[in-house]
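The next block holds one structure in the form of structure tokens; read it before the comments.
The values are calculated or read from the model by the stated rules, or taken from the named source; none is laboratory data. Fair warning: this is a prediction, and the values are worked out from it, not measured in the lab. Here the Cβ positions follow ideal geometry from the backbone for every residue, glycine too, while neighbour counts run over all protein chains shown. Heads up: the accessible areas ignore ligands, DNA and RNA and are worked out on the full protein's heavy atoms, side chains in. Shrake-Rupley method; radii C 1.70, N 1.55, O 1.52, S 1.80 Å.
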Amino acid sequence: MKVLVINGPNLNMLGYRPKEHYGALTLDEINNYLLENSSSLELNFYQSNYEGDIVTEIQKAINNYDAIIINPAAYTHTSVAIRDALEMFRGIKVEVHLSHVDEREDFRRINYIRDVCDITFSGRQKDSYLDAVNYILNNK
Ligand code: DQA
């Protein structure tokens, strides 16, 4: 089972971002935490600050991956392009957020991604990603 974990803009800066929302771990530390807890999955990681690059990565995943875990970060609230790319992907799609994205500012409740994904996990910091991994393990 091949899984692509995609992280959007500013998630490469975890560690510098507000810890009350995002926790203290860096993205590499989160990725290593997932690797330690997903031995039967093949996990690959991609991060970009650029919308079009994320779209291209999703397109490339269409015939190469069984599942996508995606935290589109700020693009969650703005990107029809990422939504349209995810819509084409036929495998398992899991939306993830570190923070309680629906309980913050109003603009973060606008979500272009959720209804093209199978499920969303949010508000559990690094464990939102672990929930996504476990969902895939239980539904593969
Ligand atoms: C985020 C929530 C988004 O609103 C924000 O823009 C992010 C991270 C999260 O993981 O909680 O950059 O996706």
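Quick look at the values:
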item: Mean separation of Cα contacts under 8 Å, 6 or more apart, over the residue count of the range 2-138: relative contact order %; result: 28
item: Mean Cβ neighbour count within 10 Å, used as a protection proxy, ranking 50-57, 32-39 highest first; result: 50-57, 32-39
item: Sulfur and carbon atoms: percent of accessible area, the chain [1.4 Å]; result: 45
item: Residues of the range 2-138: accessible area per residue with a 1.4 Å probe, Å²; result: 48
item: Protection proxy ranking, peptides 65-75, 19-29, 117-127, average beta carbon neighbours within 10 Å, highest first; result: 65-75, 117-127, 19-29
item: Evaluated at q = 0.09, 0.10 Å⁻¹: base-10 log I(q)/I(0), Debye formula over Cα of the range 2-138; result: -0.22, -0.27
